[in-house]
Amino acid sequence: MIGGKFINRVRIVVSWSLKHKLGLKIAKILIRNSDCKVVEFLKNKAIEAQFRKVRISEKSSTHLLKLYGEIRISKRLDIPGSYMVLPNNYLWISTESCTSCRIFSRLPVIVESIYYVRSLGVITTMIIPGRLFCKRVLEDLKEADLSVETISIRDYEDHELTKRQREVLSAALRIGCLGSKRSARLKDLAFLVGVDSSTASRIIRNAIKKVVEKTLDE
């Protein structure tokens, strides 16, 4: 009969092996002279924004933007393509793909986030299958006359919550175990999810750590 400690060691080894065999990286790059129509609009309006979601393709791309600062958006905007003005300083814009988006669409990269900062340019974070592909992305962007530099490259880490972490975190929020005004104690949560208090505390800490790390990565 195989013991639990042995099985856990096997899981750790397999997890480590998969991570290193896959070799996924998170690359963050800065594009100083983007020809993106959306960025041009933001620059002309002196607005900073986060591209919350972007659907990239060779011909056209769709952007969901969160605009920052004290901004009043009129219903009529000088933006090429189609757009929708949404509540809480959000914009939905579909327009012709820029040079970098066309390049990204042809390469094996997944764009995680895009920020436009007036003093710098466009900061793009993406998942790539190894450093060689990051080199290929930079070369293709530079060949297209874009001014690009690497901010950072690091190992990709999965910050997704496990099913158990989601269950416990959801229960903690539901009964009021988190926040400044708590209506339930840790032992109440532990009883509800069927574990002891120390285990419940550990699950909550690890879940919150993942949420914070994922938020900071974005």
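FYI, it's all coordinate maths here, none of it is from the lab. Because the structure is predicted, anything quoted here is derived from the model rather than measured. Reconstructed Cβ throughout: ideal geometry from the backbone, glycine too, with neighbour counts over all protein chains shown.
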Quiz item: So which trypsin sites (Lys or Arg not before Pro) in region 135-218 end up in coil per DSSP with only 15 or fewer other C-beta atoms within 10 Å?
Solution: Lys181, Arg182, Arg185
Practice problem: Using only C-alpha atoms and all pairs of different ones, pull out the Kirkwood radius for region 107-170 in Å with one decimal. | Solution: 14.2
Quiz item: Along the three principal axes, how long is region 25-155 when you take its alpha carbons, biggest first, rounded to the nearest angstrom?
Solution: 45, 27, 24
Quiz item: Once label points are set 7 Å from the Cα along Cα→Cβ at both Tyr68 and Arg118, what is their separation, rounded to one decimal in nm?
Solution: 1.2
Exercise. Read phi for every residue in region 121-138 and hand back ³J(HN,Hα) as whole Hz from Karplus 6.51 cos²θ - 1.76 cosθ + 1.60, θ = phi - 60°, with x for Gly and Pro.
Key: x, 9, 9, 10, 10, 9, 8, 10, x, x, 5, 4, 6, 5, 4, 5, 4, 4
Self-check item: Likely footprinting exposure, Phe133, Phe191, fewest C-beta neighbours within 10 Å first
Solution: Phe191, Phe133
Quiz item: If you bin the C-alpha pair distances of region 163-217 every 10 Å from 0, what whole percents do you get?
Solution: 26, 56, 17, 1
Quiz item: Which entries in Lys37/Lys214; Lys59/Lys214; Lys25/Lys163; Lys53/Lys214; Lys135/Lys163; Lys66/Lys163 show an alpha-carbon gap greater than 27 Å?
Solution: Lys37/Lys214; Lys59/Lys214; Lys135/Lys163; Lys66/Lys163
